[in-house]
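Take a look at the structure below.
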Amino acid sequence: MRKYNYILLITILVGLAGHVSYSQTPKNDLNLSLGYYNDNNHFQYLKANAKTKIDRKFQMVPGISLTFYLGSESPENLLGRAISDDKGDAVVFIPASIKAAWDKSAKHSFTVVSANTPLYDQTKATADVTRAKIKIDTGEDRKITATFLEWKDSAWVPVKGVDMKIAVRRLDADLNVNETATYTTDSLGNVSADFKRDSLPGDEKGNLILVAKTEDNETYGSVSSQKAVPWGTAFKYVSHFDKRTLFARRGRSPIWLELMAYGIIVAVWGVLFYLVMQIRKLKELGVSGA
Amino acid sequence: MESSVQQKIIQDLLPQKFGRKGKLWVAGLLFFCALGLAAYIHQLSKGLVVTAMRDYASWGIYISNFVFFVAISLVGSLISAVLKLSNVQWSTPLTRIAEIIAIAAITFAALIIIVDMGRPERFYNLFLHGRLQSPIIWDVIVITTYFIISILFLYFPLLPDFNLMLHTEKKQQLPFYKFYRFFGGFWKNTAKQIKVNKRAINLMAITIIPVAFSIHTVTSWLFATTYRPGWDSTNFGAYFISGAFLVGAGGVVIAMYVLRRAYSLDKYITFYHFDRIGKILVMLALIYLYFNVNEFLVPAFKMKKAEEEHLMGLFNGEYAGIFWFAITSSMLLPILILVFRKGRRPLPAFIAGSLVVVGSWFKRYLIVTPTLLHPFLPMHDVPSDYLRYFPSWEEWAIAIGSLAGMLLIVTLFARIIPIIPIQETITEIEKHEKV
């Protein structure tokens with residue numbers, strides 16, 4: 001009996017030691033950032049990024065639960081929840097259900113809160129945003145005018161001194177329409193740029209997508225607007241897959257390859273057929289010989 | 001020749017029943033075949049995920065085995081065709097052994113490819129929708145052709161032997177009497193039949209050489225037409241064929257030794273035969289060594305960045321042990337043993353042949369796997385299990401089962417048909433007596 005008591009005591013001590021060492025594992029600091037995006041004056045969404053510093057290097061934190069709020073963190077202000085991806089990013093679209101609260105004010109504050117996990121304490125980040133939009137106009141000689149407007153006193157008013165980019169959308173990135181990288185809006189909220197990208201392939205009708213945008217603006221967040229213009233060259237996809245090439249589909253192998261291959265196959269299998277016929281001949285000779 | 005001598009040769013060379021050791025040997029092979037089959041059924045039910053093959057090493061020991069089988073099958077054309085057309089008389093007792101090995105190996109080369117398929121029930125699509133532009137289709141065509149021609153090359157020289165066996169005194173006691181009668185009962189040994197048979201064998205000897213060269217050149221092109229470190233070589237066709245002749249000849253030496261001992265064929269497979277085949281092995285090992293120097297020295301001299309990781313892995317990295325074992329075992333040691341007259345006696349020659357075959361299997365493993373693990377464009381954030389390859393138990397069981405299956409075919413052939421051509425042996429002895 002005494003022996004069992006000792007075993008029980010050791011088990012409890014080992015368990016306690018394990019618990020103490022586990023609970024004493026230091027937690028890492030979680031860095032949260034929050035950004036507001038207005039895509040083409042149509043989609044508004046929030047993007048949070050979670051990262052941590054390990055061995056003096058930032059590493060993204062995937063798989064952490066994040067909760068987004070409009071204003072303070074309370075259930076009635078909930079915008080949505082998301083889990084961070086491999087890049088530490090989590091995105092929540094601003095739902096139509098908060099339209100009434102959204103329309104009430106020109107300025108909004110957003111909050112994102114991370115879940116309390118064994119590795120990270122609960123962390124919070126906020127973003128204050130003034131509602132804004134961009135308007136694109138195009139004129140003769142491929143001139144582009146973009147106007148930056150903010151919502152103020154129930155009207156859209158131009159904003160001076162906002163940095164903007166004017167670009168044309170390509171497959172993976174935006175290409176500046178000329179050599180100027182950024183423009184600053186004048187007192188009318190306007191920037192003007194000349195389109196100098198000749199012979200850019202567009203869609204089948206030659207349409208290109210122009211983009212005017214601000215990125216990570218402290219007051220307005222990331223706002224962008226797009227407009228289709230027929231300034232590109234019409235792109236017609238020509239498939240070479242049906243040509244007679246080594247990489248074409250089955251029935252399109254090169255004639256020389258077919259002739260050579262089938263020639264060899266017929267010759268060799270002709271010999272094999274001849275040999276099989278010789279077996280037949282041997283049988284006949286055997287019968288007549290007998 | 002006296003009839004009693006003839007009868008003695010026939011009696012000596014008739015297929016013999018398995019003794020206790022033979023039965024144990026067959027039971028052992030059947031066991032490994034059954035194990036391989038069970039592993040394959042498991043692989044079929046669970047999918048190829050049970051193997052260690054992933055996106056990087058998508059070819060593992062199945063394909064290594066395939067290349068090995070194709071290589072060893074080339075011995076049929078070497079012994080039966082190349083030596084025959086060169087008028088080499090001493091190779092007569094070895095021709096049938098070589099052809100049996102060729103058939104057994106090519107059968108399992110074809111089977112192991114199906115084993116490597118994730119959905120083998122769709123195999124027929126290869127014939128229905130195969131692209132003539134694809135080296136895989138070339139391989140399918142040449143393997144099928146080589147299989148058929150090897151069977152014919154075994155069959156035609158067997159016809160006179162069937163006749164001899166059907167006319168022995170104890171013919172009714174032969175366990176495969178009906179088999180011999182079905183396949184060779186029509187052979188009456190008439191002058192016309194002999195003439196037709198001889199012409200057919202000569203035609204086959206000429207045809208099988210380009211087909212054999214094609215089969216292994218195409219196998220090498222499966223690799224060389226793929227742009228990868230270690231495979232991007234114009235030397236691959238010749239490199240593969242020289243290696244194939246070497247491993248095939250090594251296989252024949254092993255079979256010669258084992259069959260000579262098992263069936264007491266000392267009078268027919270003599271020291272002279274070991275001496276001759278030993279010399280051929282030395283020549284083949286030197287040729288293969290030459291191609292290996294070409295294959296590794298030239299890229300190592302340039303040491304292009306993408307090739308560097310692959311080559312250094314072989315020379316002094318994770319594969320260095322296997323690499324130097326394969327080079328030493330399949331080439332250097334056999335040359336050292338066989339270059340001396342005493343080394344060409346049966347036992348040392350058998351040891352050299354075994355070293356060649358074992359080293360050559362590992363050489364095929366090194367041709368396939370390390371290259372796949374070092375792609376030109378590595379994947380981003382690749383899972384760690386993609387970066388290394390060690391076969392799963394299913395792969396080992398299937399690979400060993402296929403090797404056992406090949407040996408089983410050779411063993412069963414040795415039980416059913418004379419492993420040394422009887423009629424040819426008699427004819428040659430008669431020729432010598434006349435001279």
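The values are calculated or read from the model by the stated rules, or taken from the named source; none is laboratory data. A quick note: this is a predicted structure, and the numbers were derived from the prediction, not measured. Don't worry about glycine lacking a Cβ; one is built from the backbone with ideal geometry, like all the others, and counts go over all protein chains shown. In case anyone asks, the SASA skips ligands and DNA or RNA and just uses the protein heavy atoms, side chains included. Shrake-Rupley method; radii C 1.70, N 1.55, O 1.52, S 1.80 Å.
Couple of notes before you dig in:
- Only helices (runs of 4 or more DSSP H) whose full extent lies in region B:312-408 are considered here, and the ones with at least 3 residues that are of a type in the set (Ser, Thr, Tyr) are B:346-372.
- Among the residues of region A:226-245, just one is among the small types (Gly, Ala, Ser), closer than 30 Å to A:Lys213 by Cβ and out of contact with any strand residue (DSSP E or B) (no Cβ under 6 Å at 6 or more places or on another chain), namely A:Ala234.
- Only one of the listed residues (A:Thr67, A:Thr52, A:Thr138) is in a strand (DSSP E or B), farther than 30 Å from A:Leu210 by Cα and touching a residue at least 60 places away in the same chain (Cβ under 8 Å). That residue is A:Thr52.
- Restricted to region B:131-150, and to residues there that are facing another protein chain (nearest Cβ under 10 Å), open to solvent by 10 Å² or more (accessible area, probe 1.4 Å) and hydrophobic (A, V, I, L, M, F, W, C), the residue that is nearest to A:Tyr274 (Cα to Cα) is B:Ile148.
- Any hit, region A:235-253, residues being more than 10 Å from every other protein chain (Cβ to nearest Cβ) and assigned to a helix (DSSP H, G or I): no
- A:Asp203 vs. criteria charged (D, E, K, R), in contact (Cβ under 8 Å) with a residue 60 or more places away in the chain and open to solvent by 30 Å² or more (accessible area, probe 1.4 Å): no
- Only listed residue being more than 30 Å from B:Thr190 (Cβ to Cβ), among the basic types (Lys, Arg), without any contact (Cβ under 8 Å) to a residue 40 or more places away in the chain and surrounded by fewer than 18 Cβ atoms within 10 Å (Cβ to Cβ), chosen from A:Arg280, A:Arg249: A:Arg249
- Only one of B:Ser73, B:Ser45, B:Ser58, B:Ser64 that is within 30 Å of B:Ile141 (Cβ to Cβ) and open to solvent by 10 Å² or more (accessible area, probe 1.4 Å): B:Ser58
- Close pairs (8 angstrom Cβ cut-off, 6 or more residues apart or separate chains): modelled with pLDDT of 95 or more in region B:257-270, open to solvent by 70 Å² or more (accessible area, probe 1.4 Å) and part of a helix (DSSP H, G or I) anywhere: B:Tyr257/B:Leu347
- Elements of type helices (runs of 4 or more DSSP H) in region B:155-264, at least 3 residues being charged (D, E, K, R) and surrounded by fewer than 20 Cβ atoms within 10 Å (Cβ to Cβ): B:191-224
Listed here are the residues, each with its yes/no results for (1) in contact (Cβ under 8 Å) with a residue 24 or more places away in the chain; (2) within 30 Å of B:Ala306 (Cα to Cα); (3) open to solvent by 10 Å² or more (accessible area, probe 1.4 Å).
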| residue | (1), (2), (3) |
| --- | --- |
| B:Leu372 | yes, yes, no |
| B:Met379 | yes, yes, yes |
| B:Ser392 | yes, yes, yes |
| B:Ile400 | yes, no, yes |
| B:Leu408 | yes, no, yes |
| B:Ala414 | yes, no, no |
| B:Ile420 | yes, no, no |
| B:Glu430 | yes, no, yes |
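- When restricted to residues that are part of a helix (DSSP H, G or I), polar (S, T, N, Q) and open to solvent by 10 Å² or more (accessible area, probe 1.4 Å), region B:76-91 contains 1.
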